Amino acid sequence: MYPAVIQEYLTPTTVDEALDALRRRPRETRVIAGGMSLMQLMKARQAEPACLVDLRKVASLREIRIDGAGVRIGAMVRYKELAADARLHGAYGGLGDAARTIGDRQVRNRGTIGGNLCFNDSAADLPPVMLALDAQLEIARTGGPHRTMPAAQFLRNPREVDLGEDEILTAVLLPPAAPRSGSAYLKYGFTVDGPPVLGVAAAVRLGADGRCAAAALAVGGVLPRCRRAPQAERALVGHSARDQAALAAALETAAQEVDTHTDPWADGAYRKVLLRQLGGQAVAQAFGRAAGGA
């Protein structure tokens with residue numbers, strides 16, 4: 001099926017120009033980033049915008065900046081750019097893990113971090129990474145200052161985010177990397193380029209003794225939304241990578257506290273098995289990166 005007729009197609013070069021376009025006809029306008037998700041909806045006539053505002057020429061949204069304040073990733077940064085940036089390792093390693101395995105090569109060449117988060121598919125790879133890394137999202141709005149909010153607040157139910165009709169997601173903000181910290185993301189799916197049945201993001205910070213001083217564990221591919229596992233996070237604290245029994249017990253706690261659902265891809269019990277397995281591997285990889293490994 002072909003999309004409905006688009007009456008107007010705009011390519012602003014600044015965020016302000018894009019916001020002006022939204023202000024003129026907000027209910028009839030959709031912002032397009034890489035188009036990997038929106039174009040599929042348009043072809044199926046599930047979305048029929050009269051006006052498209054294409055952000056590909058807004059240079060300020062394509063930058064990755066790392067300084068003492070942390071990391072600022074523009075919303076139009078593509079997956080392939082996230083995957084290739086050598087600065088996003090160690091504490092931020094989970095980002096590259098996710099970006100390298102999203103979809104196929106064509107999707108990674110066109111898809112953007114902002115588009116992924118705004119579409120917020122229930123099986124998307126980036127949302128759990130955002131939760132594990134305590135990301136803040138920067139949002140520009142018409143006639144007002146930018147606002148920021150935690151990723152957990154922005155990411156609501158599947159395909160629902162805290163974004164107004166006159167607002168644009170402009171950047172992902174990550175806190176400065178603490179010493180001896182690392183993160184990782186792993187997923188399992190039945191096809192190479194299909195949606196994951198389950199994805200797990202882990203982040204840890206180690207103390208001087210090599211034991212976990214802080215941990216984050218986020219699970220995607222579960223309904224109604226991706227979520228953290230706070231009881232499991234607390235169970236990881238105080239243990240080292242050598243404490244295999246304690247780490248396995250923490251992942252068992254995660255499997256018990258995270259509700260899993262049944263769908264045509266997998267049943268809830270199988271997802272709990274995956275959570276134990278993938279979670280353990282992701283935690284081990286995060287420990288290794290925090291200790292200075294790859």
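The values are calculated or read from the model by the stated rules, or taken from the named source; none is laboratory data. Just so you know, these numbers come straight off a predicted model, no measurement behind them. Virtual Cβ from ideal backbone geometry, glycine too; neighbours counted across all protein chains shown.
If I go through segment 30-44 residue by residue, how many of them are without any contact (Cβ under 8 Å) to a residue 60 or more places away in the chain and among the polar types (S, T, N, Q)?
Residues meeting the conditions: 1.
Condition (residue is outside the structural domain of Asp259 (by TED's automatic domain parsing), surrounded by 14 or more Cβ atoms within 10 Å (Cβ to Cβ), within 17 Å of the chain's Cα centre (by Cα) and closer than 16 Å to Ala290 by Cβ) applied to segment 139-157: is it met by at least one residue?
no
Taking segment 159-189 as the region of interest, how many residues are among the charged types (D, E, K, R) and in a strand (DSSP E or B)?
Result for segment 159-189: 2.
Among the residues of segment 74-90, is any modelled with pLDDT of 95 or more, basic (Lys, Arg) and in a helix (DSSP H, G or I)?
Yes, there is a match, as at least one residue in segment 74-90 is modelled with pLDDT of 95 or more, basic (Lys, Arg) and in a helix (DSSP H, G or I).
Being modelled with pLDDT of 85 or more and small (Gly, Ala, Ser) is the filter; apply it to segment 18-49 and report the residue that is surrounded by the most Cβ atoms within 10 Å (Cβ to Cβ).
Among them, the one singled out is Ala33.
Among Ala75, Ala47, Ala69, Ala59, which is of a type in the set (Gly, Ala, Ser), within 20 Å of Glu165 (Cβ to Cβ) and either touching a Phe, Trp or Tyr at 6+ places or on another chain (Cβ under 7 Å) or touching a residue at least 24 places away in the same chain (Cβ under 8 Å) (or both)?
None of the others qualify; the one that does is Ala75.
Going by what's in this entry, would Ala47 be described as closer than 22 Å to Ala184 by Cβ, out of contact with any Asp or Glu (no Cβ under 7 Å at 6 or more places or on another chain) and not in a strand (DSSP E or B)?
no
Just for segment 109-122: of the residues that are over 30 Å from Thr262 (Cβ atoms) and not β-branched (Val, Ile, Thr), which one is nearest to the chain's Cα centre (by Cα)?
Per the stated criteria, the residue is Gly114.
From the set of residues in segment 81-128 that are more than 24 Å from Glu160 (Cα to Cα) and touching an Asp or Glu at 6+ places or on another chain (Cβ under 8 Å), which is surrounded by the fewest Cβ atoms within 10 Å (Cβ to Cβ)?
Only one residue fits best here, namely Asp104.
Exactly one condition in (1) in a loop (DSSP other than H, G, I, E, B); (2) in contact with a Leu (Cβ under 9 Å, 6 or more places away or on another chain); (3) more than 16 Å from Thr170 (Cβ to Cβ) is false for Ala4; which is it?
Condition (2) is where Ala4 drops out.
Going through segment 257-294 one residue at a time, which ones are over 20 Å from His239 (Cα atoms) and polar (S, T, N, Q)?
Residues satisfying the conditions are Thr260, Thr262.
Could you identify the single residue in Ala254, Ala250 that is out of contact with any His (no Cβ under 8 Å at 6 or more places or on another chain) and modelled with pLDDT of 95 or more?
On inspection, the qualifying residue turns out to be Ala254.
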